[in-house]
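The values are calculated or read from the model by the stated rules, or taken from the named source; none is laboratory data. Source: prediction; values computed, not measured. When we count neighbours, we look across all protein chains shown, and the Cβ atoms used for this are built from the backbone with ideal geometry, even at glycine.
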Amino acid sequence: MATILPPPESKEEFLEMFGMTIPERRRGTGRVFPTQYAPSRVGPTGDPRVEFLGRPGPINDFMERTAPKVPGASISVPEPEARTCAKRLENNGPFGDNAAQTSNRAELRAALAALRARQWSDDGYRTVVIATDSEYVAQGVTEWVRKWVGNGWKTSKGKNVANRDLWELLLGEAERYQECGLAIQFWRIDRSLNHVADAAAAKALTDGDDENFEDFMVPGI
């Protein structure tokens, strides 16, 4: 006889039910940088569903760009393991910094949500590929951020790097996962593959404001 458990009443009960813990938030130092993914079967604007056919499903992260003042952030895992999560971009970052809500910030936030949704190394993964249509994220985390770290988080024009808190957390994720034997790669794909998460992120714009950074915790992706 099957026992039906009542739904969890709090985040703590949810995490306990699925044996999950919220990962630490670490400011990366530039000790580890994610790398670019080189498609083996298709071109640089190919479809991840084709590229990874017959292999364990990658995380695919497609970001919403509309309504830049109040963006949503969305992550999507392709079929046959279709799963999409979306929420409104928070007003405060992972370390408490207040930040303007922009499309670039939403794109970074979605990548972080994908990486922090589960402890992927515990599920046997040794590489996580983030497929994104965002040049800002894909090129930023594999190329530009190296220069920013070396310049003390200044751009080539001497200005402060925007969204530094999220870039630092993203580098922190690279460091944290390297310690677990997992590598992070980014793959820039075509905008036309973004429609599922676009719709989910647009829907999230109707949600009320979220003040503080909060992790997506998704069991069983």
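Take the residues in region 165-188 that are among the aliphatic types (A, V, I, L, M) and in a helix (DSSP H, G or I), then tell me which one is nearest to ARG126 (Cα to Cα).
Taking region 165-188 first, the residues among the aliphatic types (A, V, I, L, M) are 166, 169-171, 174, 182-184.
Now restrict to residues that are in a helix (DSSP H, G or I): 166, 169-171, 174.
Details: LEU166: 23, LEU169: 20, LEU170: 17, LEU171: 17, ALA174: 12 Å.
Here the residue is ALA174.
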The one condition in (1) modelled with pLDDT of 95 or more; (2) closer than 17 Å to PRO23 by Cβ that PHE213 fails to fulfil: (1)
Of everything in region 88-134, what is outside any loop (DSSP other than H, G, I, E, B) and over 24 Å from GLN178 (Cα atoms)? Give them in sequence order. ARG88, ASN92, ASN98, SER103, ASN104, ARG105, ALA106
Which is among the charged types (D, E, K, R), surrounded by 21 or more Cβ atoms within 10 Å (Cβ to Cβ) and at pLDDT 95 or above, of GLU179, GLU168? GLU168
Keeping to region 135-163, report how many residues are part of a helix (DSSP H, G or I), surrounded by 15 or more Cβ atoms within 10 Å (Cβ to Cβ) and in contact (Cβ under 8 Å) with a residue 60 or more places away in the chain. 6
